[in-house]
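> Can you read through this structure? Questions will come right after.
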């Protein structure tokens, strides 16, 4: 089998991106690595590199809230495998990542050799979890799965607006951050509520919070 030649590393910590680059180079000699340090940067990278063979995704980058980044990416690019690489190491979190469409979950505490082996396994079509986590059921509820599917239908800009809503920002604050008019943000919010099947921004925020994951108590999440 010919291994992948293009892998996206999405993590906001430069030191960990460098460590992942080492693991990737060991797993796939001659690989092209593209880096992204936020969800916005990842969205742009995926558009430019739609032929990427794998995304290594941190759960706690700027612009994401737990599984929202994973769910969004899988909805927009269902053919692009995503492996979560995170400091969140609870078995429940790992299994839910798989339920939401991840092809693997690699704890950040893993040795580089283990990370390399996991990358090779996923590129060969396997779903990779730490051995002690692979067993055991903790599936997402039907409601979570349904909301995840709706979340994947949002456009990149609508997703950014939703994440800013979860941070408690007002329309005028979001408009300032995104350098658009307040009327544009109102239109985005209307579209978001319609796509998510909710009737208020508060309901949208509550729904999005269901996909949240408590950040790890380490610096590199």
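Rule-based calculations on the coordinates, nothing more; no lab input. Owing to the predicted nature of the structure, the values given are computational and were not obtained by experimental measurement. Positions of Cβ are backbone-derived with ideal geometry, glycine not excepted, and every protein chain shown enters the neighbour counts.
> Is it possible to state the helix-based mean residue ellipticity at 222 nm for the chain, with each DSSP H run of 4+ residues giving -39500 (n - 2.57), the sum divided by total residues, to the nearest 500 deg cm²/dmol? What is it?
About -14500 deg cm²/dmol.
> For helix 156-166, what angle does its Cα long axis make with the longest principal axis of the chain, in degrees from 0 to 90 and rounded to 10?
70 degrees
> State the label only: which of [x] 18.9; [y] 17.8; [z] 17.1 corresponds to Kirkwood radius over Cα pairs in Å computed from the shown model?
[y]
> Further question on the same structure: What value in Å³ per residue do you get for the convex hull of the alpha-carbon atoms in the stretch 24-68?
Values: hull volume 3.8 nm³, N = 45.
Taking the convex hull of the Cα positions in the stretch 24-68, it is 84 Å³ per residue.
> Right, another one. Using Cα centres only, tell me the gap between the stretch 59-125 and the stretch 17-55 in whole Å.
Here the answer is 13 Å between Cα centres.
> From the alpha carbon gyration tensor of the stretch 142-209, can you work out the equivalent ellipsoid semi-axes (sqrt of 5 times each eigenvalue) and give them in Å, largest to smallest? Don't skip to the answer; put the middle values down first.
Details: eigenvalues 85, 25, 19 Å².
Result for the stretch 142-209: semi-axes of 21, 11, 10 Å.
> While we're looking at this one, here's another question. Which residue fluctuates most in the GNM of the chain (Cα springs below 10 Å): 119, 206, 34?
Between 119, 206, 34, it is 206 that shows the largest mean-square fluctuation.
> A follow-up question, please. Based on the inverse mean of 1/r over its pairs of different Cα atoms, what is the Kirkwood hydrodynamic radius of the stretch 6-123, in Å? Mind showing how you got there, number by number?
Numbers: mean 1/r = 0.0723 Å⁻¹.
It is 13.8 Å.
> With an 8 Å cut-off on Cα pairs and a minimum separation of 6 or more residues, tell me the relative contact order of the chain in percent.
Relative contact order of the chain: 22 percent.
> Please give the FRET efficiency for residue 33 paired with residue 89, using the beta carbon to beta carbon distance and R0 = 22 Å, rounded to the nearest 0.05.
That pair, residue 33 with residue 89, gives E of 0.35.
> Tell me, in nm to one decimal, what length is gained between residue 21 and residue 177 on full extension, where the rule is 0.36 nm per residue of separation less the Cα-Cα distance?
Extra length available between residue 21 and residue 177 comes to 53.0 nm.
> Which whole-number percent gives the relative contact order of the stretch 142-209, counting Cα pairs below 8 Å spaced six or more residues apart? Working shown, then result.
Numbers: 45 pairs, mean separation 25.5, N = 68.
Relative contact order of the stretch 142-209: 38 percent.
> Please work out the FRET efficiency for the pair residue 110 and residue 167, using the Cβ-Cβ distance as r and a Förster radius of 25 Å; give the result to the nearest 0.05. Write down the numbers at each step before the final one.
Numbers: r = 31 Å, r/R0 = 1.23.
Computed FRET efficiency for residue 110 and residue 167: 0.25.
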